[in-house]
Amino acid sequence: MFKHLNAVAGDPLLALIVAHMKDTNPNKIDLGVGVYKDDNGHTPILNSVKKAEAILLEKESSKSYLGIYGASEFESTIQDLLLGEDSPIKQAGRIRSSQTPGGTGALKVAADFISANLKGARLWVSDPTWGNHKSIFNSAGIESCDYPYYDPATNGLRFDDMMATLRAEAKAGDVLLVHACCHNPTGIDLQAEHWEVITDFVNERGLLPLVDAAYQGFGDGLDEDLAGLRHMASKVPSMLIANSFSKNFGIYRDRCGGLSIIAETAEEANTAFSIVGQAIRANYSMPPAHGAAVVHTIITNPELKAEWQEEVTAMRNRINGLREKLVSKLKDCGVSKDFSFIKDQRGMFSYSGLTLEQVRTLRSQYSIYIADTGRMSIAGVSDSNIDYLCESIKKVVG
Ligand code: PMP
């Protein structure tokens, strides 16, 4: 039955993790993996999460099925985090939200919903984008097209080229995927003025925006990071938001996210949401309960919420602090290349501008593991490895 099958190449990032694990060099550094790490290289469980879990252990009284949209009280929690607590869109009933298995689950349900109901819609994604975006949408039968985003010449954003391509090629009814903040993999974010232009264009052309919010709180702040998303939501008739709680609650393996659908009227939102329910039922029937129960317990308990906000702030400050340190240490080492752009990037990742050859040399000669694209996971840098990292980059870059 399976004799004709050929194995597919595994995810190169997972291969990088394995290579790092096998490496016996005591100075080895893993800058590949996309999870937050503390200064000891550990991905901690947040204190607020531990406390919420203790409450749940006491209070939880059933493991019966949840329902396809997850816990009903969680809908409002998702919306408050995304749009703010007094959102007119929420008050008008124009947004409906479902708990999903991570941001990936939200994107998969969105893809199935679009494929079944918005015939002929293509997906526009940034070049580059998170590796799984195209896989998820292509596997739902949706064609994906790239818009220019990263400029290797300046290590910055190609916004004019992005808009020129979209103006020339995007068709009414196409889906435009934008990252809310902390763009993965580049770390280069859209600024307020860009969100305004994109929002106007979405309305002129009749596109459906799909905003992927996987890193709320990791850039400049929980509200600041979604200012662009909120601007867009306030101006467009319809929008999809796929969000993940994996990073900002540190509950990666608990698989918790949300898919929100904004429509022109409450009635339209309810109709679309019922169809989203069909897509969920045919995919995984219903989401896992634990992650959402933790998030909901934290957000509805003022003390835990305050503690969680402090913990997100600490994770964000550590990453942004590392960006500053990296730039200044590289400069102190006398590296010929100007790496100052790293401190303007946001979130867990940085397109470092290192070439494939440089990345491979760092790996083979210095046991420093960076993705072939040059994407570095900044949280993998620590006070104990930053000097070795910068000296090694100096040796390789010159
Ligand atoms: N979108 C982006 C941009 C991501 O980087 C990720 C996670 N790496 C996801 C979605 C999916 O998140 P989750 O792990 O919650 O499925």
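Brief remarks follow.
- Ser328 accessible area, 1.4 Å probe, all protein chains in place, Å² to nearest 10: 60
- Solvent accessible area, Å² - Ile68, 1.4 Å probe, full protein context: 50
- Tyr150 accessible area, assembled protein chains, probe 1.4 Å, Å²: 30
- Mean silhouette area of the range 146-221, derived from the convex hull of its C-alpha atoms and averaged over all directions, reads 5.1 nm².
- Taken about its Cα centre, the range 1-48 carries a charge dipole of roughly 260 debye when the Cβ of each Lys and Arg holds +1 and the Cβ of each Asp and Glu holds -1.
- Stokes-Einstein D in µm²/s, Kirkwood radius over Cα pairs - the range 257-348 at 20 °C with 1.002 mPa s viscosity: 121
- The alpha-carbon of Lys171 sits under 23 angstrom from the alpha-carbons of these lysines, leaving out residues fewer than 8 places away in its chain: Lys108, Lys119, Lys134, Lys235.
- Principal axis dimensions, largest first and in whole angstrom, of the range 76-218 by Cα: 43, 32, 30
- In the context of the full set of protein chains, the range 65-300 has a per residue accessible area of 37 Å² (1.4 Å probe).
- Contact order, relative form, for the chain: 26 percent (alpha carbon pairs under 8 Å, 6 or more residues apart, mean separation divided by residue count).
- Relative contact order of the range 65-300, taken over Cα pairs closer than 8 Å and 6 or more residues apart, is 29 percent.
- Extents of the chain, taken as max minus min of Cα coordinates on every principal axis and listed largest first, are 62, 57, 55 Å.
- Neighbour cut-off at most 11 other Cβ (10 Å), DSSP loop, trypsin sites (Lys or Arg not before Pro), the range 73-146: Lys119
- To put it simply, the accessible area of the range 65-300 at a 1.4 Å probe is 48 percent carbon and sulfur.
The values are calculated or read from the model by the stated rules, or taken from the named source; none is laboratory data. What you see is a predicted model, and the numbers here were worked out from it, not measured in a lab. Heads up, the Cβs are rebuilt from the backbone with ideal geometry, glycines too, and the neighbour counts pull from every protein chain shown. When the accessible area is computed, the model is the full protein with side chains, heavy atoms only, and any ligands, DNA or RNA have been set aside. Shrake-Rupley method; radii C 1.70, N 1.55, O 1.52, S 1.80 Å.
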